[in-house]
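Asker: This is the structure, below, for whatever I ask next.
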Amino acid sequence: MLVLVVDSSTPAVTAALVEVAADGVATRAHRCTVDARAHGELLAPQVDAVLTEAGARPADLGAIVAGLGPGPFTGLRVGLVTAATIGQVLGLPTYGVCSLDAIGHPAAAGEPVLAASDARRREIYWAVYDGAGQRIVGPEVSVPAVAAERARGLAVTAAVGDGAHRYADALGLPVRDEPRYPDPGVLAALAAERIRAGAPSEALTPLYLRRPDAVAATARKPVLP
């Protein structure tokens, strides 16, 4: 089954076409552009590009997988709205996966790891994964020092992800080079059991973890001097 995978939870705007078979998951086409200010401009063309590269049409898709975040409000909603809209138009099931899982799960190699992405405001989105790659804490948002303290209590030996690179000094952990951003093949693999089983379509509920900066006015402003 051909599956479209999208993620816009980080500065890496990602689209991929993945084949989910009974014996595994294989990426057929992949586009990723790192630009924190162009999610809306980049994602739709990248979806078209991966379909073209794989010689596929939208009608060939069997499901859609989207990274749920956590991530900044504006960027994250681009991917989720895109996935939900395509799913609705084509009548395809949609499945969500925590985007940090696509960083922390493949990085685990027998010892706990901290996966982190940039949350701006000098904070990170983070989660901790055990040696088997299962999330045991998070996702949460905090300053790096808080995440580091929690990680030490869980015997974490390394950090991974763009947030870990940005705040390596504050975390005080060895930082692995890769993966830096969510891997679309891993996102598909983490949803593969649901896809193969033909599980019902899921609502793509974003993991914002905090309220957006823009808020409604709480009082009316006078219009006369």
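Asker: Note down the magnitude of the dipole of the stretch 147-209 about its Cα centre, charges +1 on Lys and Arg C-beta and -1 on Asp and Glu C-beta and zero elsewhere, to the nearest 20 debye.
Answerer: 120
Asker: Where in the chain are the helices, taken as whole DSSP H runs, whose Cα atoms extend 20 angstrom or more along the long axis and whose Kyte-Doolittle mean reaches at least 0.0?
Answerer: 39-53, 73-90
Asker: What does the C-alpha gyration tensor say about the overall shape of the chain? Classify as rounded when a/c is under 1.5, otherwise prolate if a/b is larger than b/c, or oblate.
Answerer: Cα axes put the chain in the oblate bin.
Asker: For Ala26 and Phe73 in one chain, what is 0.36 nm times their gap in residues minus the Cα-Cα distance, to one decimal in nm?
Answerer: Roughly 13.9 nm would be gained on extension.
Asker: About the Cα centre of the stretch 1-134, what is the dipole size in debye to 20, counting +1 per Lys and Arg Cβ and -1 per Asp and Glu Cβ, all else neutral?
Answerer: In total the dipole reaches around 420 debye.
Asker: Explain nothing, just the number: dipole magnitude of the chain about its Cα centre with +1 on each Lys and Arg Cβ and -1 on each Asp and Glu Cβ, in debye rounded to the nearest 20.
Answerer: Rounded to the nearest 20 debye, it is 860 debye.
Every read-out reported here was derived from the displayed coordinates using simple, explicitly stated rules and does not represent laboratory data. Keep in mind that this is a model prediction, so the values were computed, not measured. Virtual Cβ from ideal backbone geometry, glycine too; neighbours counted across all protein chains shown.
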